[in-house]
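Scroll down for the structure; my scribbles are underneath it.
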Amino acid sequence: MEPQFDVIIIGAGSVGNPTAYYLAKEGLRVLVLDELASSGQGQNKAAIGGVRATHSDPAKIKLCQLSLQAFGHWQEETGTDIGWKQGGYSFPAFDGKVETTLRGLLPTQKRYHLDIDWLGAEDLKALIPGINPNGLRGGTYSPDDGQVSPLLAAQSFTYEAVRLKAVFRYREHVTSLVREGNSVVGVRTDKGEYRAPIVIIASGAHATDVCKMAGLDIPVLPDSHEAGITAPVQQFLGPLVVDIRPGAEGKTVNCYFGQNSEGQIIFCYTPKQLFPGENRTSTSEFMPIAAARMVQIMPRLKNLTIRRVWRGLYPMTPDGSPIVGKAPGVDGLVLGVGMCGQGFMLGPGVGMNLASLVAHGRPVTEPEVFNLLSPSRDLYAGKKEALK
Ligand SMILES: Cc1cc2nc3c(=O)[nH]c(=O)nc-3n(C[C@H](O)[C@H](O)[C@H](O)COP(=O)(O)OP(=O)(O)OC[C@H]3O[C@@H](n4cnc5c(N)ncnc54)[C@H](O)[C@@H]3O)c2cc1C
């Protein structure tokens, strides 16, 4: 069978959609397959839409800088509003330990030209009106970071990719890869078979299963996280606020919230005891714990009305970094998986790099930084990132 496409992407999610767009922009014939009913219906829609380049890992910094450029200029480039709000990120410190951690990251972040600085307590109070002043020592502020609507972004990347002749097929479950010797040359689904010389796996929480189809052992183990959103109120909060103190209730390792472009407060925490697996049923403890933590950080939030909560998956890797690049030992196979809790913000940066890798044989990011994410690295040797 002749190849009908230049590239097949498995997964129309946070990674697959922008990758399709950037590949189609290169003039390549792209097919995207997803088992769900439309784009962004996997973990993409579980994200709260935070986008920051303020990480401690150089590869995440560089890729998210690309994503920020893409999201920040999306409306002027395409005419479509995806809910971009450049309110920045702020990590407040209420104790000396957190202050030392945050200040300790600044030299690395500045080395990568991030616009981030330490603000004293008075400046932080002005930036985050209503923040609890008790014990507040100051915090970091990175004005270039922001928020986007994950669903609007997924739809818009898809729409723009389709305009450039990419093909999206939904409700098609990829069941196996077509192999010729050492090469992957296509995919089989429950509905048919498609051929292309390059296959990109962007299958999120199901990456391990799909990689197994190529005989690869790639550990991507999902654990679940909950989030919620309030009814909209007038804009009063610029930055997305991340409190990295462990909660006094002993159940949370952080808490973060921001006000999106529609005025809703969108919020999350990371549980101390992780929930491995794919259960997406909301728990009864999430809302009381989240509400108490948020009101402790910012007492005025007690007046908000919660609209809904949900639970989704982080596709985790052993070292907490994504797995991006050519698959080891299998020609024609490329991986964009293991996005952990940051796949939405990494998506466009990963997509640009994968499109360049496929079209030009090299990533757009400097290879020595990009290769930190290599599928060939020792996934059990790396240190977890300080800012998760
Ligand atoms: C509560 C919560 C809040 C979060 N907040 C943020 C945030 O603020 N910022 C951020 O950057 N990230 C956030 N994340 C993380 C983010 O949602 C994920 O990292 C990201 O969506 C993963 O992207 P992905 O493309 O790898 O997977 P997905 O978006 O899930 O896409 C994978 C797609 O592959 C498809 N697929 C899988 N297997 C097959 C198959 N065999 N055949 C066909 N299709 C298949 C799936 O249906 C799915 O649509 C959050 C996550 C949660 C749960």
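The values are calculated or read from the model by the stated rules, or taken from the named source; none is laboratory data. Source: prediction; values computed, not measured. Here Cβ is always computed from backbone atoms with ideal geometry, including for glycine, and neighbour counts include all displayed protein chains. All accessible areas refer to the heavy atoms of the entire protein, side chains included, with ligands and DNA or RNA removed. Shrake-Rupley method; radii C 1.70, N 1.55, O 1.52, S 1.80 Å.
Some observations on this one:
- Lone unmet requirement of (1) open to solvent by 30 Å² or more (accessible area, probe 1.4 Å); (2) more than 9 Å from the ligand (Cβ to nearest atom) for residue 41: (2)
- Whenever a residue of segment 295-313 is farther than 14 Å from residue 255 by Cα, its partners that are open to solvent by 90 Å² or more (accessible area, probe 1.4 Å) and within 16 Å of the ligand (Cβ to nearest atom), lying with C-beta atoms within less than 6 angstrom and at least six residues away or across chains, give the pairs 311/280.
- Contact annotation: residue pairs with Cβ atoms under 6 Å, 6 or more positions apart or on different chains, pairing a residue in segment 266-285 that is at negative phi with a partner that is of a type in the set (Lys, Arg), are 272/251; 280/311; 282/311.
- Residues of segment 178-218 satisfying the condition of being part of a helix (DSSP H, G or I) and either in contact with a strand residue (DSSP E or B) (Cβ under 9 Å, 6 or more places away or on another chain) or within 23 Å of residue 40 (Cα to Cα) (or both): 204, 205, 206, 207, 208, 209, 210, 211
- The one condition from (1) away from the ligand (no atom under 15 Å from the Cβ); (2) within 21 Å of residue 203 (Cβ to Cβ); (3) in a loop (DSSP other than H, G, I, E, B); (4) in contact with an Asp or Glu (Cβ under 9 Å, 6 or more places away or on another chain) that residue 80 does not meet is (2).
- Residue satisfying condition, being open to solvent by 60 Å² or more (accessible area, probe 1.4 Å), of a type in the set (A, V, I, L, M) and more than 29 Å from residue 96 (Cβ to Cβ), within set 306, 266: 306
- Scanning segment 338-361 for residues that are under 13 Å from residue 15 (Cα atoms), more than 8 Å from the ligand (Cβ to nearest atom) and open to solvent by 10 Å² or more (accessible area, probe 1.4 Å) returns a single hit, 352.
- Tallying residues that are in contact with a strand residue (DSSP E or B) (Cβ under 6 Å, 6 or more places away or on another chain) and within 21 Å of residue 27 (Cβ to Cβ) within segment 159-177 yields 4.
- Scanning segment 12-26 for residues that are in contact with a strand residue (DSSP E or B) (Cβ under 8 Å, 6 or more places away or on another chain) and near the ligand (Cβ under 6 Å from one of its atoms) turns up 12, 15, 16.
- From the list 175, 140, the lone residue that is assigned to a strand (DSSP E or B) and more than 16 Å from the ligand (Cβ to nearest atom) is 140.
- Test: residue 116 is in contact with a Leu (Cβ under 8 Å, 6 or more places away or on another chain), in contact (Cβ under 8 Å) with a residue 40 or more places away in the chain and within 30 Å of residue 163 (Cβ to Cβ): no
- Condition met for residue 183 (at pLDDT 95 or above, within 11 Å of the ligand (Cβ to nearest atom) and over 26 Å from the mean Cα position of the chain (by Cα)): no
- The one condition from (1) open to solvent by 10 Å² or more (accessible area, probe 1.4 Å); (2) away from the ligand (no atom under 13 Å from the Cβ); (3) modelled with pLDDT of 95 or more; (4) aliphatic (A, V, I, L, M) that residue 205 does not meet is (2).
- Residues of segment 46-72 that turn out to be among the charged types (D, E, K, R), within 12 Å of the ligand (Cβ to nearest atom) and in a loop (DSSP other than H, G, I, E, B), as a count: 1
- Exactly one residue out of 242, 233, 253 is of a type outside the set (D, E, K, R) and crowded, with 18+ Cβ neighbours inside 10 Å: that is 242.
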